[in-house]
Amino acid sequence: MPDLQTVRYAVRGSISRWFERPAVSLLVTLKFTPSSATFVGLLIAFIAAYFVSEGEFLVAGLLVLVGSVFDLLDGGIARSTGRVSKRGALMDSVFDRVAEVAVLVGLAIYFLSGPGASDTGVVLAFVAVAGSLMVSYVRARAEGMGVKGTAGFLTRPER
């Protein structure tokens with residue numbers, strides 16, 4: 001049985017070949033820049049957060065999925081146009097966290113005032129925010145100490 005990393009690279013290769021490369025080519029043709037793709041992804045996340053706060057979870061989930069596609073493609077656009085930069089990588093990481101927090105705050109708002117009002121839901125939404133931020137913090141701290149943080153199946157291979 002293949003190990004997790006082998007499966008991960010095989011899946012990533014298929015996604016890249018059949019989806020990412022053609023989508024990046026299309027967006028480059030449409031004059032998207034890496035930053036514009038990042039901004040579009042963030043804007044979509046804010047819209048998704050609104051729908052989460054209203055309890056429209058299917059719409060919100062679909063929007064999160066679409067926003068995630070732009071997040072996947074911004075790095076590909078940067079690489080294909082020769083616009084890779086540390087500033088862009090930092091902006092992408094920061095905007096990713098802002099997008100996650102926005103959606104989770106939308107969930108907290110839903111639990112505060114929506115038909116599913118629940119103190120437990122609010123607490124869990126903020127625990128999820130903390131967990132989301134801790135993942136980035138721990139990885140950055142580990143890398144700052146010289147420890148490579150590439151384990152796991154759903155890691156970001158382009159970084």
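Assorted remarks:
- Whenever a residue of segment 83-103 is part of a helix (DSSP H, G or I), its partners that are of a type in the set (D, E, K, R) and surrounded by fewer than 18 Cβ atoms within 10 Å (Cβ to Cβ), lying with C-beta atoms within less than 8 angstrom and at least six residues away or across chains, give the pairs ALA89/ARG159.
- Filter result (in contact (Cβ under 8 Å) with a residue 40 or more places away in the chain and of a type outside the set (Ser, Thr, Tyr)) within segment 45-64: ALA45, PHE46, ALA48, ALA49, PHE51, VAL52, GLU54, GLY55, ALA60
- Filter pass, ALA108 being more than 30 Å from VAL28 (Cβ to Cβ), in contact with a Leu (Cβ under 7 Å, 6 or more places away or on another chain) and of a type in the set (A, V, I, L, M, F, W, C): no
- Check on GLY75, under 19 Å from the mean Cα position of the chain (by Cα), part of a helix (DSSP H, G or I) and not polar (S, T, N, Q): yes
- Residue count for segment 104-144 under the criterion of being assigned to a helix (DSSP H, G or I) and either out of contact with any helix residue (DSSP H, G or I) (no Cβ under 7 Å at 6 or more places or on another chain) or more than 30 Å from PRO34 (Cβ to Cβ) (or both): the result is 27.
- Only one entry of ALA125, ALA78, ALA108 meets the criterion of being in contact with a Gly (Cβ under 6 Å, 6 or more places away or on another chain), modelled with pLDDT of 95 or more, within 20 Å of LEU42 (Cα to Cα) and surrounded by 19 or more Cβ atoms within 10 Å (Cβ to Cβ), and that entry is ALA78.
- Scanning segment 16-34 for residues that are surrounded by 13 or more Cβ atoms within 10 Å (Cβ to Cβ) and either of a type outside the set (D, E, K, R) or more than 21 Å from the chain's Cα centre (by Cα) (or both) gives SER16, PHE19, ALA23, VAL24, SER25, LEU27, VAL28, PHE32, THR33, PRO34.
- Criterion (part of a helix (DSSP H, G or I), among the polar types (S, T, N, Q) and within 25 Å of ALA128 (Cβ to Cβ)) met by exactly one of SER68, SER25, SER14, SER35: SER68
The values are calculated or read from the model by the stated rules, or taken from the named source; none is laboratory data. On a predicted model such as this, the values are computed, not experimentally measured, just so you know. As a convention, Cβ positions derive from the backbone with ideal geometry for all residues, glycine included, and neighbour counts pool all protein chains shown.
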